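Chemist: Below is one structure. I have some questions about it.
The values are calculated or read from the model by the stated rules, or taken from the named source; none is laboratory data. Computed from a predicted structure; not experimentally measured. Cβ placement follows ideal geometry from the backbone for every residue including glycine, while neighbour counts extend to all protein chains displayed. Remember, those area values only see protein heavy atoms, side chains included, never the ligands or the DNA or RNA. Shrake-Rupley method; radii C 1.70, N 1.55, O 1.52, S 1.80 Å.
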Amino acid sequence: MGGCFSKPKSVEVKVELSLLDKEKEVDGMSPNGKASPFAECRANGALGHGSDDESTPLPLYHKSKDYVEASVCHVKDLENGQMREVDLGSGRALLIKEHGEFSAMAHKCPHYGAPLVKGVLSKGHVRCPWHGACFNIATGDMEDFPGLDSLPIFQVRVEKDKVIICANKQALQSQKRTKPMARCSAVINSSTGFSHVLIIGSGPAGVVCAETLRQEGFTDRIVICTMDRHPPYDRPKLSKSLECTAEQLRLRSTEFLQQHNIELFTEKEVVAIDIKTRTVTFDDGVRMEYRKLFIGTGSKPRPMNYKGQEVKNVFHLRTPEDASSIASLANNKNAVIVGTSFIGMEVAAALTDKAHSVSIIGIENVPFKSALGEKVGKAIMKLFEANRVKFYMLNEVSEMMGHHGQLKEVVLKSGKVLRADVCVIGTGCVPATAFLKQSGIHLDSKGFITVNKMMQTNVDSVFAGGDVVMFPFPPRNNKKVNIPHWQMAHVHGRIAALSMMDKFSEIKTVPYFWSAMYGKTIRYAGFGDGFDDVIIQGDLDELRFVAFYTRSEEVVAVASMNYDPIVSRVAEVLGSGKTIKKRDVETGDISWLIDKGSQ
């Protein structure tokens, strides 16, 4: 399918096929044109599975020297519903048995490299144990986020009761696969003031929107504009790894985007939108017309009022440069964190080994009380206190004191004075939508963009996703909610792209997020807003627990630490449309939720 929007006559678009017809003719043939010795191999246990992407293992016309073949186990070694990580000599693969059929694919999640053998196998897909991404075991395609890449699959056959895998060596090493994308070969100068699709924001919502359009066959112009100076990068890692560079954090390189005809304009801020003429205006006065618009501007730090003149060394963590400066200035110095948000707490944990002292100021009596409950919050607070972090709770900042423009002290409303050489403000965020106030695009009272199931605003040609939206959430009877998770932004981007191409798809994902502190990870799935009780199983003092969040008599969310893959297991149950009752988790026996299908 080509571009589905009408376009000006002055723009000529040529479509370039990513797989030549000539190559298709030799499918199933060896390089000499005879029947390939691999033609009878079953891709993932059944004929006909696979992809035309060149990184998918064993396009049948490749030379066999590019592949490795190994007998990995006896046919009876795996029972139905089990997975095993196997060694092929040139790399490892994940062997799966479901409904009597064997499948094989890459063994690491392409998002952060989690071992999928420790994940959850259910109904034809594997769910990552760390962050909940799902992959189809027949195709390797990603079925749920986070992450941008799918998995390569490998051919499996059974001979004399031996399970044999034939895999592409390069795919074994890369452990990931980019889905095929259509190309736009229109000769358009970057200064051309028109784009069929204009995307504001280079976060996951914007990137996934652009890539989904290409994956679905869209062949017209796509432009992403962003205020950032860098290509798309993994922002959640900033607060966990302060010294990572933009290059180390990048999601997609400039070269990758260029290869797939996705144009990226950096350091471009949109200051106005005219929905009547379908035009955006940038801060430099340049204008660009669009046919379809996607807004994924994310959030910005919540303003904090305090006395005192402006001083340096006070940061809102937004960029890799901010992170690097914070780490450098805190070295053997006094760091103060204002706010007990996940970002603030992660920064505090990251600075513990660097700073002379770390102090946290919070307005609640324990951190994460509203998100994770008081019991879990207290357990995490003890972890920080064991690492010499001091808390000043039920408090707020009154004044920032400096000397020659440099921060020296933070004064609390209680009167307490804290020495401070660097301060990080993590008091929450607000939607970055101020530029839309006069646009005609509907905002609610808090500044969020309201969208429908298709991620479409009140303006037919304008879509939005990510932290900036209030969207209908099916598990809450389509009540409009805001879920500012990295994973959810991916979902919004895909739904919006499909809607632009008249391929409506509903949100079926289970919200999933994570936070890492002192080498320990909190995993969370579901939507716990308004929970009225928390059922704890495990040991909070040992930080090995699972917390079930309930509303009335139903489990609506789960959080855990050192209890994998239970959060992914619960996500799988909730994602199937089933409910978990409060009584089911109160008994103390949650063995039915713990996956035993891996070896």
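Chemist: So what's the gap between the Cα centers of segment 190-224 and segment 341-401, to the nearest angstrom?
Modeler: Cα centroid of segment 190-224 versus Cα centroid of segment 341-401: 40 Å apart.
Chemist: Restricting things to alpha carbons, find the Rg to Rh ratio for segment 364-433 using the Kirkwood radius for Rh.
Modeler: Reported Rg/Rh, Kirkwood definition of Rh: 1.03.
Chemist: I've got another one for you. If you average the sequence gap of Cα pairs under 8 Å that are 6 or more apart and divide by the length of the chain, what percent do you get for the contact order?
Modeler: 12 percent
Chemist: Restrict the search to segment 289-364; then list the GluC sites (Glu not before Pro) that DSSP places in a loop and that have at most 12 other Cβ atoms within 10 Å of their Cβ.
Modeler: Glu310
Chemist: Ignoring ligands, DNA and RNA, what accessible area per residue does the chain give at 1.4 Å, in Å²?
Modeler: Value returned for the chain: 45 Å² of accessible area per residue.
Chemist: In addition: Accessible area of segment 454-599 with a 1.4 Å probe: how many percent of it is carbon plus sulfur?
Modeler: Within segment 454-599, the accessible surface is 43 percent carbon and sulfur.
Chemist: Under the Karplus relation 6.51 cos²θ - 1.76 cosθ + 1.60, θ = phi - 60°, what is the ordered set of whole-Hz ³J(HN,Hα) values for segment 546-551, x standing for Gly and Pro?
Modeler: 9, 10, 9, 9, 10, 10
Chemist: Checking the a/c ratio against 1.5 first, then a/b against b/c, what shape does the Cα gyration tensor give for segment 252-305?
Modeler: Oblate, since a/c reaches 1.5 and b/c is not below a/b.
Chemist: Helix hunt in the chain: which complete DSSP H runs extend at least 30 Å axially by C-alpha with mean Kyte-Doolittle at least -1.0?
Modeler: none
Chemist: Further question: Counting only residues 5 or more places away or on other chains, whose amide H sits under 5 Å from the amide H of Arg544 once H atoms are built in the peptide plane?
Modeler: Long-range HN contacts for Arg544: Asp539.
Chemist: For Cys429, which sequence-distant residues (separation of 5 or more, or a different chain) have an amide H within less than 5 Å of its own amide H, given hydrogens modelled in the peptide plane?
Modeler: Residues meeting the criterion, in which the H sits 1.01 Å from N, are Arg302.
Chemist: Still on this structure, I have one more. Can you run phi through the Karplus equation (6.51, -1.76, 1.60; θ = phi - 60°) for segment 444-454 and list ³J(HN,Hα) in whole Hz, with x for Gly and Pro?
Modeler: Running phi through 6.51 cos²θ - 1.76 cosθ + 1.60 with θ = phi - 60° gives 7, 5, 9, x, 7, 7, 8, 10, 9, 4, 8 Hz.
Chemist: Quick one: length gained pulling Lys162 to Thr450 fully straight, 0.36 nm per residue minus the C-alpha distance?
Modeler: Here the answer is 98.1 nm.
Chemist: Along the positive direction of the dipole of the chain (beta-carbon charges: Lys, Arg +1; Asp, Glu -1; about the Cα centre), which of Ser576, Phe471, Gly193 reaches farthest?
Modeler: After comparing all options, I get Phe471.
Chemist: What is the sum of charges, Lys and Arg at +1 and Asp and Glu at -1, for the other residues whose Cβ falls under 12 Å from the Cβ of Arg278?
Modeler: The answer is +1.
Chemist: Could you tell me the calculated FRET efficiency between Gln170 and Thr266, based on Cβ-Cβ distance and R0 = 35 angstrom, to the nearest 0.05?
Modeler: 0.65
Chemist: Under the Karplus relation 6.51 cos²θ - 1.76 cosθ + 1.60, θ = phi - 60°, what is the ordered set of whole-Hz ³J(HN,Hα) values for segment 520-532, x standing for Gly and Pro?
Modeler: So the J values, rounded to whole Hz, are 10, 10, 8, 10, 8, 9, x, 10, x, 3, x, 4, 10.
Chemist: Amide H of Arg551 versus every other amide H placed in the peptide plane: which residues, excluding those fewer than 5 positions away on the same chain, fall under 5 Å?
Modeler: Under 5 Å from the amide H of Arg551: Asp532, Val556.
Chemist: Go ahead and run the numbers for FRET between Met304 and Lys578, Cβ-Cβ distance against an R0 of 35 Å, rounding to 0.05.
Modeler: E(calc), rounded to 0.05, equals 0.25.
Chemist: Still on this model: Could you tell me what % of all Cα pairs in the chain have separations over 48 Å?
Modeler: Tail of the P(r) past 48 Å holds 16 percent of the pairs.
Chemist: Work out the FRET efficiency for Met401 and Lys520 from their Cβ-Cβ distance, taking R0 = 56 Å, and round it to the nearest 0.05.
Modeler: 0.95
Chemist: Compute the normalised compactness of segment 88-235: alpha-carbon radius of gyration over 2.2 N^0.38 Å, N being the residue count.
Modeler: Working it through for segment 88-235, the quotient is 1.26.
Chemist: State the percentage of accessible surface on segment 209-253 attributable to carbon and sulfur atoms; use a 1.4 Å probe and exclude ligands, DNA and RNA.
Modeler: Heavy-atom surface of segment 209-253 belonging to carbon and sulfur, 1.4 Å probe: 40 percent.
Chemist: Heavy atoms only, probe 1.4 Å: what % of the accessible area of segment 312-415 goes to carbon and sulfur, would you let me know?
Modeler: Here it works out to 47 percent.
Chemist: I'm a student and want to see the number: the projected area of the Cα convex hull of segment 197-354, averaged over all directions, in nm².
Modeler: 11.5 nm²
Chemist: Does segment 293-422 come out rounded, prolate or oblate by the C-alpha gyration tensor, with a ≥ b ≥ c the root eigenvalues, rounded set by a/c under 1.5 and, if not, prolate when a/b is larger than b/c and oblate if not?
Modeler: rounded
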